[in-house]
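Worksheet: one structure, shown below.
The values are calculated or read from the model by the stated rules, or taken from the named source; none is laboratory data. Predicted, not measured: the structure shown is a model, and the values here were computed from it. Cβ coordinates were reconstructed from backbone atoms using ideal geometry, including for glycine residues, and neighbour counts include every protein chain displayed. The area values use the complete protein model at the heavy-atom level, side chains included, leaving out ligands, DNA and RNA. Shrake-Rupley method; radii C 1.70, N 1.55, O 1.52, S 1.80 Å.
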Amino acid sequence: MAITSVKNLKEFSTTNERFEGAHLLCPGCAHSMIVRELMNCSDDNLVISTNTGCLEVSTAVYPYTSWDTSWIHIGFENAATAAAGAEAMYKARKRKGTLKNPDAPVKFVAFGGDGSTYDIGFQWLSGAVERGHNFTYICLDNENYANTGGQRSSSTPIGASTTTAPAGRVSYGEKRNKKDMMAIMAANGASYVAQVAPNKWKNMAQAFQKALSIDGPCYINALSACTTEWKFDPKDTINISDLATDSLVFPLYEIIDGTELNITYRPKNVLPVKDYLAAQGRFKHLFKPENAHILEEWQKRVDEKWEYLQRREEARV
Amino acid sequence: MSNVLSNEKRGMHELGAEKKVGWDEVTHGVVLHSFEDDATDVAMRKAEDRKYSEFSSYTATVASWRVIKPVYNRDICIDCQNCWVWCPDSSIISRDKQILGIDYDHCKGCGVCVEVCPTNPKSLLMFGEAMSSEDAIAQWPVKEKKEK
Ligand SMILES: Cc1ncc(C[n+]2csc(CCOP(=O)(O)OP(=O)(O)O)c2C)c(N)n1
Ligand code: SF4
Ligand code: SF4
Ligand code: SF4
Ligand SMILES: [Mg+2]
């Protein structure tokens, strides 16, 4: 398997770009940072499926494609299904000796948004992981249905204002806590699950390379800061991601074979959660006096989660 | 490396300006080939050594999205590659570990590259779209006795 060096950024920058510009994602969109890095950290032939969402509609605007690899567009719930199907066919044809190029290294990858991953494609993802297909599923987690105008998903965190759970006189926005897809996928039998964020490019590239090298189903949850729906200036995508990882709102960790949990990034200075929230318009209302309890609730939950992750890491269970 | 910065295939088409096709005119199960040749070794080739087909968005441009643009100042740059790794539009051109410049056919002017540039003063700054790079460089902020 050909692997691009991600030892340091200078080495990595000698890779050959495989995700082309003039896609139509918003300026500053993190989706493309993640996708581009995935494609750039491997030299293998990639077979990529992408279901409906911002990434799909913006990278395949007829008659253009931004993908320098085999790429399949499929309906909203079926990124995992398409990758699993292609992988199963590839294995079968290899067995029968009908592949034109049987020795070429091929990797199967699926991209879905959080709407499709946490909600609408959940059953199909679960099935593909359970069947043990050799593929990597990457959720571009921007915590809302961005492509249809910012509806809440089960990944939307508490207190966020969305079009279907708006903040206002009687509501502080989203009432429920973000669903824990990492725990679910680990319990579902994924060989490897990892939470990554583009600001920690090396951590992310290492997780991608690990997932691609493992023979089995892998799940990666990638923080994808969304300038349009989170309401921040496009230039700040990496700054917002830094706030997310350094306040531990979005902790970076991996779980191998369902049990071995490793924290892969420990911030030197842990920032207060309110610094992360204050930088985004979707949480603006939380800073009104009547919503002070939600800010407290946020910090408490983040602290508890971090404590839990550290104990799981120690216990090796 | 002759045509790296201005590859003549790049940015030929204004997106949406031509070849408009209604959704009901698209053939079901249509396949678009990104390259004119057998592309199995594409991961081994740089843009300038590839035969992009007219279906690749590489041949299209989104330059009209910009109102401000980043300008690159080679004199201050330390080639850290931060701008390269975080550009969401594959628009920082880097070869042999060196930044060569900006791909203005695909840059949308988001400003991320300026934010992540660590030098002092920055080696990338945003200017009005109409300003020439020479004028921008001429009014670059002075160095605060740091870097070479
Ligand atoms: C079965 C089905 N339901 C609804 C839609 C409409 N739809 C298209 S994209 C989208 C939102 C996608 O959200 P997400 O998966 O989070 O991706 P994002 O756009 O946020 O990247 C929706 C609801 C659809 N295409 N198919
Ligand atoms: S709406 Fe958000 S996720 Fe969609 S393209 Fe814009 S920034 Fe990216
Ligand atoms: S302004 Fe944005 S799109 Fe343009 S080069 Fe900088 S990071 Fe890339
Ligand atoms: S981020 Fe700045 S210093 Fe680093 S390579 Fe880019 S322009 Fe040069
Ligand atoms: Mg989403």
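Out of B:Ile99, B:Ile76, B:Ile68, one residue alone is away from ligand 3 (no atom under 14 Å from the Cβ) and aliphatic (A, V, I, L, M). It is B:Ile76.
Candidates in region A:213-234 are the residues that are within 14 Å of chain B (Cβ to nearest Cβ) and open to solvent by 10 Å² or more (accessible area, probe 1.4 Å); of these, the one that is farthest from ligand 1 (Cβ to nearest atom) is A:Asp233.
Restricting to region B:101-116, count the residues that are within 11 Å of another protein chain (Cβ to nearest Cβ) and touching a residue at least 40 places away in the same chain (Cβ under 8 Å). The total comes to 10. Enumerate the pairs (first residue in region A:275-296 and closer than 12 Å to A:Gly159 by Cβ; second residue anywhere and assigned to a helix (DSSP H, G or I) and modelled with pLDDT under 95) with beta-carbon separation below 8 Å, excluding pairs fewer than 6 apart on the same chain, so at least 6 apart or on different chains. Final answer for the pair search is none. Here is a check on your reading of the model: is A:Thr52 hydroxyl-bearing (Ser, Thr, Tyr), within 14 Å of another protein chain (Cβ to nearest Cβ) and under 21 Å from B:Ser91 (Cα atoms)? Answer is no for this residue.
Which one of A:Glu37, A:Glu56, A:Glu20 is charged (D, E, K, R), under 21 Å from the mean Cα position of the chain (by Cα) and within 16 Å of ligand 1 (Cβ to nearest atom)?
Numbers: A:Glu37 fails: within 16 Å of ligand 1 (Cβ to nearest atom); A:Glu20 fails: within 16 Å of ligand 1 (Cβ to nearest atom).
The conditions single out A:Glu56.
Just for region A:30-49: of the residues that are facing chain B (nearest Cβ under 9 Å) and open to solvent by 20 Å² or more (accessible area, probe 1.4 Å), which one is farthest from B:His28 (Cα to Cα)? The residue in question is A:Asp43. Within region A:175-192, the set of residues being closer than 19 Å to A:Phe250 by Cβ and not aliphatic (A, V, I, L, M) comprises A:Arg176, A:Asn177, A:Lys178, A:Lys179, A:Asp180, A:Tyr192. For A:Asn147, state whether it is open to solvent by 40 Å² or more (accessible area, probe 1.4 Å), closer than 22 Å to A:Thr227 by Cα and in contact with a helix residue (DSSP H, G or I) (Cβ under 7 Å, 6 or more places away or on another chain). Answer is yes for this residue.
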